[in-house]
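All of the numbers you see were taken from the coordinates with simple rules; none came from a lab. From a predicted model like this one, the values you see are computed outputs, not experimental measurements. Virtual Cβ from ideal backbone geometry, glycine too; neighbours counted across all protein chains shown.
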Amino acid sequence: MFEPRSATLAAERMAMCSEGMSPGWVRPVATATSAGSGKTACTRVMPRAIRINAVKTTVNPTSMRTNPSCIPSAAMSWNWVMGCPVLYSRQRRDRGAVYQNPISPTVLSADMGCLWRFRLCRIWYLAEGVFYLWSAGDVCGIYFPRGFSRHIAGSLGSAERDSGAVSMLITLSRKKRWVTACAWAAAVGLLGPNAHGQMVGEQLGDGIARFHASASAQANAEPSIALEQAWAGIGPVPGGFSPLPSFAPGNPNRVTIPVAPGTSLYGTGLVAGPLERTGRRAVLYNDDSYAWGDWDEQLYQSHPWVLGVRADGTAFGVLFDSTWRSVIDTTNPQGQGIVFETEGPIPAVIVVDRESPQQVVMALSDLTGRPFMPPLWAVGYHQCRYSYTPASRALEVAQEFRNRQIPADTIWLDIDYMDGFRIFTFNPFTFPDPAGLNAALDSIDFSSIWMINPGVKLEQGYWIYDAGQAGDHWVKSSNTVTDFQGDVWPGLSKWPDFTRSATRAWWGSLYAPYMALGIDGVWNDMNEPAVFGGPGWTMPDNNHHRADAVLGGPGPHVKYHNVYGMLMARATREGILAANPDKRPFVLSRASYLGGHRDAASWTGDNIADWYHLWVSIPNVLNLGLSGQPFSGPDIGGFVGNGDAQLFARWMGYGALLPFARGHTSNFTVDKEPWSYGPATEQTSRLALQRRYRLIHYYYTLFFEAHLTGLPVARPLFFAEPQNSSARTWDDGFMVGDGIVVSVATTPGATPSRPPLQGPIYRFGFPETDQSGADLDTDRQDLPHLYLRGGQIVPTGPIVQSTRDATLDHLTLLVALDENGEAIGQLYEDAGDGWEFEGGDFLLSTYYAQRIGSIVTVELIDSEGNRARPVRPLTVRLLTGDEFEVVETGMDGETIQLPSVEPPLPDATIIDGLYLDRAFSFADLLATQDTPTDSGDNINELNQLWLAAEAEGIRVGLSGNLGTDATALALFFDTGIGGQSTVDTGSLSPPPAGLQALTGTTFDDGFTPSRLLFANAFGGALYCDWVTLPSSGTATKRYLGQQSVGSGSGELSGGNNPGGILVALDNRNVAGVTDQSAADAATATSGWEMYIPYSDLGLSAGSCGEIRVLAAIVQPSGAWTNQLLPPLGGAGAPGIAPDLSTIAGEQWSAAPLPPSHADLDGDGVLTVEDLYLLHEQEASHGEIECLKRYLRRGEGLDALTER
């Protein structure tokens, strides 16, 4: 640390601070040493790492202004010459001399100096004008001339280049030349008091760096249990690397990671709540969380990992390498960053910075190891409950699946098969012949998985306990000598100390006789570890583990608690592999830690049979996948509680498509087999499972990909379009691999929304049977909607009842072309079990499709592996529209050609938000956007506004998009009857958000709306309110109901909608205005479509006159965006409660209302022919004039004159 050059200067500076005067950029702050002395110490904010070649100049300090509010109070190194900051230089290694180039007069056009009693002083500037302080008014800043990043990289040694401040400044200078002083302060002060002076960073790989709080922390770092192996540094951290951690030792120890605006956060493993983690905390201390809910911050697993996706789609990941009890706080990432607090030593932090979230997840797999390759049978459907007992009941359930032709692969046996809950034993009365049961299950193509818990009954003569005693394998109490004892299912018990390799080997040896009974897989439960009546329902924190040195050596339970279940699963897997070396083990573990995916699959624990858990299972699985665990799923149907038929059908509908698909329930619930809720639910379940088994080879291909790369099987939608902000928060569905998008209706009575992707997607289904001409399963209400992304090829097969039948004798490829007329996909095949695939006994086929002219060619372009290609038919289903396809069959390995036929045009009269240009081709185009959106392209935009007056109501069309973050469309109607020129909705209680804040909005003269449709979208749901705005009195609102975005229907449910208002929003628009231009507004053809009866507008059918309309997109705060129709003429966003009369032009449009029964020629359109017929009928003057006004919109009356 640099210090002032002399004691005199130091004393003078301290005296200045005591008087409350800060030299330059120094803020006086109280320190512990000066407390009570009436003195303050100066906090120094310039890091020692900024030591760049410099020259000297003298400037007038009186013109130098600083903004103290910009300066952080983090202590940093600073040097002073006569009270002014000095930037020391190091000789360039490639020149041997300090630069002496003078700074040009233009660079010094602004007087520079240092405010310290208005005295002249010398300040060092960078050579070649590389940077200097700049001030204008009260704004302080830093100037980065061109070439700064190149200069700084060449001027510094490796240690200085690795410093966080330099890296951040390089990043800032590349983006803009002027940087505010606050940004400078963030760059040089971000890392805290011990960071730039002491923080140690090292590169581990491409875009991967590890940081320690200090050299001492690095030397004393504990071994990593998350990483598969030790990683040695390969060099210094490259310049420009970000983000950089800030270490703050204390109680607890803290690490902070800065988060740039527009960044979305994910990961943290198994956590309650939504996919995007802003506003959430995760407590990392594995917990037996029976019947957990949204309030729970602490669940069964701990994953000290956060994935961040920046606004531009690039991504970073942060691994806090600590097993101790910790907290990840993402409640306010824009304000405080990502905060990690731990009771253990301050951890090493590994940061990954890559170009995409997929690359970050793959890097995590590089670090923590590849997921295991499962046997094919484990990818099928699993049926479980607590408990199937006696053995005959388990066999009965399995046989019923076969009798009812419902696909399944595995039956699970919970703890009731044991003798008094003693692990590795069998109840002699209810399970007298486990080998016989397994053989019977095997005969009908069922595998079996049996539960093993860690708690061993304390009972002399029980062979497991006696062996554990003899080997001294138990966890110790705090005195490090006495075995810990606690209560769990078998009663008083002891727990193996899995932190010891000797204990893990002993545990593994127990599986040889167990697996010899024909058991196929093992379920490790209760391994948080759960201890009945223990503190926090687990072991005391001060229990003692005699851990091996490779794990960190002996230590308290609080250090090893989070890895207890993971190490148990590792021991189990190793034991199963030793018992059956020619088979791939399958282990399911409830508790786990980052890296546990190497040995076991996982599930989301004891969930509840309710709609919250049906929904939250999706983000549960997605965030586990983003945290390295690709093989997970929930208890389908819910573990706690009965639920009902619709809940079960909906859950099975999509749960069958999750990576781990298992139905499970408690011993206190009704039966929850697929047929338990009646024939309709049984058929939904059958079709859902048929979908999985048709796709079973696609799932197996994805598990092989996960095994090679670490990519998850179930993927968030933003993997397809990382820059798409709507996809960032969409957790009403998921992608299966890169090809299929699954959209789920997660509330009762709802319809799945259309996924908010900008690229092409096509809805498809599967035939309900394999018989020719069978109906597709797309009309089943409780099945999720399936979409194939453009550019993808997905392999499918016929309906089978288990994976043992899935020989893929007939291969079908689903094909959807991208914007360039191409698609690609892969199929992986091997023996389904064993290890021969590692020696090349596999077949990996790559298929490619391309459109040339009107012909699409599908061909095999690559084949890997030594396995022979089967001689089999290959059918291509080419999707060219929603539920529209062209089909052709040939042989696998041969080229197949088929025509690219476009689907027929849909019915434009349906209220669905689609094909608005055709739906309103005879309507009034009231406005076209002229202002680029200020809320993101294809997020919040209004392109064109149409209104069509019909016999009983009006139809309104608005092309564009609406953000799904509670942003709203406000559609005002002036019917000429009453209304408000200044809005007063202040008396209306929420929800929705933003409606009350419209109060005070003032309209143009001539526009006094009396009705308002306020529709906001959140997630995949659209909520609609109808507001009456009386000219006098209080505004009233009526909740019309809700539906799903992209449902294809305008029907609203759950509200009060007697008139039958219809509202549809389809968010698939990718055309229209952008954030740069409004030139293409007329190209958008989807968005909003509404039908509003005249009665809801306070009118009667046939009212002759006009209706005036204004549409606006309003943020949840009530602030108006700049997306209005009629448009703003390029003006900025009006904000909250705007006065629209101050904006040029009229912010409303008018459309005439036709007379009733005026379509006399019956062609559905009002024309001059109808006016002629009206004359012939000698209609009243009023009726004739009304129709004339209506036709004067543009139809013209010349034809009438000619007649």
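Of note:
- Estimated distance in nm for a label pair at GLU888 and THR278, the labels positioned 7 Å out from Cα along Cα-to-Cβ: 4.8
- From the alpha carbon centroid of region 1000-1073 to that of region 305-384 is 40 Å.
- Here LYS494 is the anchor, and the aspartates and glutamates within straight C-alpha reach of less than 15 Å, apart from those fewer than 8 places off in the same chain, are GLU459, ASP466, ASP472, ASP483, GLU528.
- Farthest positive-ward along region 916-1150 dipole, Cα basis, beta-carbon charges - from ALA949, THR1083, ASN1122: ALA949
- The calculated FRET efficiency for the pair GLU1051 and GLN469, based on their C-beta separation and a Förster distance of 45 Å, comes to about 0.10.
- Cross-link reach is defined here as a Cα-Cα straight distance under 16 Å, omitting same-chain residues fewer than 8 places apart; for LYS1037 the aspartates and glutamates meeting it are ASP984, ASP1025, ASP1096.
- Set of aspartates and glutamates near LYS476 by C-alpha distance (under 16 Å), chain-local residues within fewer than 8 positions excluded: ASP487, ASP497, ASP541, ASP548
- A viscosity of 1.306 mPa s and a temperature of 10 °C, combined with the Kirkwood radius over Cα pairs in Stokes-Einstein, give a translational diffusion coefficient for region 683-899 of 88 µm²/s.
- Dividing the C-alpha radius of gyration of region 200-368 by 2.2 N^0.38 Å, with N its residue count, gives 0.98.
- Placing pseudo-labels 7 Å out from each Cα toward the beta carbon at ASN667 and VAL481 gives an inter-label distance of 3.9 nm.
- Sorting PHE484, PHE922, PHE703 by the number of Cβ atoms found within 10 Å of their own Cβ, with the fewest placed first, yields PHE922, PHE484, PHE703.
- Listed peptides 489-502, 541-554, 862-875 by packing density, highest first (mean Cβ within 10 Å): 489-502, 541-554, 862-875
- Pairwise centroid distance, computed over Cα atoms, of region 1082-1129 with region 879-943, Å: 23
- Efficiency of FRET between GLU864 and ALA951 - r from beta-carbon atoms, R0 60 angstrom, step 0.05: 0.40
- The stretch between ALA1137 and ALA1079, if pulled fully straight at 0.36 nm per residue, gains 18.0 nm over its current Cα-Cα span.
- Theoretical gain in end-to-end length, ASN220 to ASP610 [0.36 nm per residue, Cα-Cα removed]: 135.6 nm
- Extension gain, SER1095 to ALA435, is 230.3 nm, computed as 0.36 nm per intervening residue step minus the present C-alpha separation.
- Taking region 200-368 and dividing mean pair separation by its residue count, relative contact order in percent (alpha carbons under 8 Å, at least six apart): 27
- Modelled this way, with points 7 Å down the Cα-to-C-beta line, the labels at SER989 and ARG404 are 4.5 nm from one another.
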